[in-house]
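Notes follow once the structure below has been shown.
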Amino acid sequence: MLSRRKLLMTGAAAVACGAVIGWNALAAQTDFDEIYAGRRIHGKGELIFVDGDVVHVMRNADGSYSTSINHYESFTSLRDAARRAVDTLGDLRPVTHAH
(Lines give C-alpha, C1' and ligand atoms only; values in the text may rest on other atoms or scores of the structure.)
Protein backbone atom coordinates (compact mmCIF):
# COMPACT_ATOMS: atom_id res chain seq x y z
CA MET A 1 0.00 0.00 0.00
CA LEU A 2 1.27 3.47 -0.88
CA SER A 3 1.36 5.72 2.16
CA ARG A 4 0.95 9.47 2.03
CA ARG A 5 4.52 9.94 3.29
CA LYS A 6 5.99 7.71 0.57
CA LEU A 7 3.91 9.46 -2.09
CA LEU A 8 5.10 12.91 -0.93
CA MET A 9 8.75 11.81 -0.73
CA THR A 10 8.60 10.28 -4.22
CA GLY A 11 6.95 13.41 -5.59
CA ALA A 12 9.56 15.69 -3.98
CA ALA A 13 12.39 13.58 -5.38
CA ALA A 14 10.84 13.69 -8.85
CA VAL A 15 10.49 17.48 -8.73
CA ALA A 16 14.09 17.92 -7.53
CA CYS A 17 15.39 15.60 -10.24
CA GLY A 18 13.36 17.43 -12.87
CA ALA A 19 14.79 20.76 -11.73
CA VAL A 20 18.36 19.45 -12.02
CA ILE A 21 17.71 17.96 -15.45
CA GLY A 22 16.01 21.16 -16.59
CA TRP A 23 18.90 23.32 -15.34
CA ASN A 24 21.47 21.11 -17.10
CA ALA A 25 19.49 21.28 -20.34
CA LEU A 26 19.29 25.08 -20.06
CA ALA A 27 23.03 25.35 -19.37
CA ALA A 28 23.78 23.13 -22.37
CA GLN A 29 21.74 25.45 -24.60
CA THR A 30 23.70 28.50 -23.48
CA ASP A 31 27.15 27.02 -24.19
CA PHE A 32 28.84 28.59 -27.21
CA ASP A 33 32.13 28.63 -29.09
CA GLU A 34 32.60 31.13 -31.90
CA ILE A 35 34.92 33.63 -33.52
CA TYR A 36 33.81 37.22 -32.91
CA ALA A 37 35.76 40.21 -34.25
CA GLY A 38 38.75 37.94 -34.88
CA ARG A 39 38.79 36.61 -31.30
CA ARG A 40 37.66 33.17 -30.12
CA ILE A 41 34.97 33.46 -27.47
CA HIS A 42 33.83 30.41 -25.56
CA GLY A 43 31.16 30.09 -22.92
CA LYS A 44 30.42 27.02 -20.83
CA GLY A 45 28.10 27.04 -17.86
CA GLU A 46 28.88 30.27 -16.02
CA LEU A 47 32.36 30.78 -17.54
CA ILE A 48 33.55 32.99 -20.40
CA PHE A 49 36.89 32.70 -22.18
CA VAL A 50 38.41 35.10 -24.73
CA ASP A 51 41.22 33.44 -26.70
CA GLY A 52 41.52 30.92 -23.86
CA ASP A 53 41.81 33.56 -21.11
CA VAL A 54 39.08 33.55 -18.49
CA VAL A 55 36.85 36.62 -18.07
CA HIS A 56 35.32 36.92 -14.59
CA VAL A 57 31.51 36.79 -14.76
CA MET A 58 29.01 37.78 -12.09
CA ARG A 59 25.34 36.78 -12.08
CA ASN A 60 23.08 39.66 -11.07
CA ALA A 61 19.95 39.24 -8.93
CA ASP A 62 17.71 39.82 -11.96
CA GLY A 63 19.37 36.97 -13.89
CA SER A 64 21.51 39.20 -16.09
CA TYR A 65 25.31 39.04 -16.23
CA SER A 66 28.16 41.50 -15.64
CA THR A 67 31.85 40.97 -16.31
CA SER A 68 35.00 42.31 -14.74
CA ILE A 69 35.67 44.12 -18.01
CA ASN A 70 32.25 45.78 -18.29
CA HIS A 71 31.39 45.90 -14.61
CA TYR A 72 28.66 48.55 -14.83
CA GLU A 73 26.81 47.03 -17.78
CA SER A 74 24.28 44.19 -17.64
CA PHE A 75 23.85 41.56 -20.34
CA THR A 76 21.00 39.14 -20.91
CA SER A 77 23.29 36.29 -22.00
CA LEU A 78 26.86 35.13 -21.57
CA ARG A 79 27.33 35.42 -25.34
CA ASP A 80 26.38 39.11 -25.26
CA ALA A 81 28.71 39.67 -22.30
CA ALA A 82 31.58 37.93 -24.11
CA ARG A 83 31.04 39.93 -27.30
CA ARG A 84 30.98 43.22 -25.39
CA ALA A 85 34.15 42.20 -23.53
CA VAL A 86 35.87 41.65 -26.90
CA ASP A 87 34.67 45.07 -28.10
CA THR A 88 36.05 46.71 -24.96
CA LEU A 89 39.34 44.80 -24.92
CA GLY A 90 40.25 45.46 -28.53
CA ASP A 91 43.66 43.80 -28.98
CA LEU A 92 44.31 43.47 -25.23
CA ARG A 93 44.07 40.26 -23.22
CA PRO A 94 41.91 39.94 -20.10
CA VAL A 95 43.96 39.69 -16.92
CA THR A 96 43.11 38.30 -13.52
CA HIS A 97 44.28 39.64 -10.21
CA ALA A 98 44.20 38.59 -6.60
CA HIS A 99 43.58 40.74 -3.56
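The values are calculated or read from the model by the stated rules, or taken from the named source; none is laboratory data. Small disclaimer: the values here were computed from a predicted structure and weren't measured. Counting neighbours? That spans all protein chains shown, and the Cβs are built from the backbone with ideal geometry, glycine included.
A few remarks follow.
- Scanning region 40-65 for residues that are part of a loop (DSSP other than H, G, I, E, B), touching a residue at least 40 places away in the same chain (Cβ under 8 Å) and either small (Gly, Ala, Ser) or in contact with an Asp or Glu (Cβ under 7 Å, 6 or more places away or on another chain) (or both) yields a total of 0.
- Residue check for Ile69: assigned to a loop (DSSP other than H, G, I, E, B), in the same structural domain as Val95 (by TED's automatic domain parsing) and crowded, with 17+ Cβ neighbours inside 10 Å: yes
- Qualifying residue in region 24-43 (condition: in contact with a Pro (Cβ under 8 Å, 6 or more places away or on another chain), at pLDDT 95 or above, under 19 Å from Gly90 (Cα atoms) and charged (D, E, K, R)): no
- Each residue in region 72-99 was checked for being assigned to a loop (DSSP other than H, G, I, E, B), farther than 20 Å from Glu46 by Cβ and among the charged types (D, E, K, R), and 2 pass.
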